[in-house]
1. Short version: what are the Cα gyration tensor semi-axes of region 16-99, square root of 5 times each eigenvalue, largest first, in whole Å?
2. Measuring from centroid to centroid over Cα atoms, what is the spacing of region 39-73 and region 209-275 in Å?
3. What are the semi-axes of the equivalent ellipsoid of the chain, taken as the square roots of 5 times the eigenvalues of the Cα gyration tensor, listed largest first and rounded to whole Å?
4. Over all Cα pairs of region 59-129, how is the pair count split among 5 Å bins, expressed in % and running from 0 up to the last occupied bin?
5. Using DSSP, restrict attention to beta bridges with both residues in the chain and report what percent are antiparallel, rounded to the nearest 5.
6. Helix-only estimate, please: 222 nm mean residue ellipticity of the chain, summing -39500 (n - 2.57) across DSSP H runs of length 4 or more and dividing by its residues, to the nearest 500.
7. Express the Stokes-Einstein translational diffusion coefficient of region 135-286 in µm² s⁻¹, to the nearest whole number, given a Kirkwood radius over alpha-carbon pairs, 4 °C and a viscosity of 1.567 mPa s.
8. Could you tell me, in Å, what Rg and Dmax come out for the Cα atoms of region 143-221?
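We did not get these values from a lab; they are worked out from the coordinates using the rules stated. Because the structure is a prediction, the values reported are computed rather than measured.
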């Protein structure tokens, strides 16, 4: 039954991708934002999304929460349409609709030939972060979680490998081994630290315990490497600002818990900047 459901989802998305390509970037972004704002709530639990926001911002009113949810779906829609125009960002000689703050940090990492760990969350449009890092000449590998829909996952993997980052590593034990192998050869790693993981440790996240990945902390303790936080935000619907933070230097004597907690605190600050630009549909505190 699921395979039939996934196949129909695949056909619908491909239909939209074709339409988006025909009507162009600006119109596609606008139309997709409206469509997903309507149909998105049918595919993700509003109860989980609302509880996540209430847990993180307990003082918000119902009206304020509803505004965040509506804007989140709007952003979801824009991200969906933008997959059809990723190559415009990748191949453009200038930073097409993308402002960079901290390019000198990337240039220094490239020139030093020392791999680092880039960390971020599912902000708007999160794919552009890895794309720009690789475009800046940094040898990069990205951890990703395959989509449940195998038909769509096949398409997304092709797009990601061709236009976003060539080295895509599937999340899991086998992926962790590949990470170690790549890092030892001088390849930097990029990963999202905002999703719930079963192999992580419990850390405070918006005043509640949440399982969090320890991969960045493990690499710090093993390789004494730097961690570079990255943040992206949508500006005026179709423009973006990508910010590279100053590299964080932890001590190998720091505990895995303290390093991971520091990164969670940083992630919180990023989310607070634009709560509507983070993906709240993940069951983060399960």
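1. Computed over region 16-99, the values are 30, 15, 10 Å.
2. 24 Å
3. Output for the chain: semi-axes of 29, 24, 19 Å.
4. Final binned percentages: 3, 11, 16, 18, 18, 13, 9, 6, 4, 1.
5. Here the share of antiparallel DSSP bridges comes out near 40 percent.
6. -16000 deg cm²/dmol
7. In µm²/s, the coefficient is 77.
8. 14.1, 40
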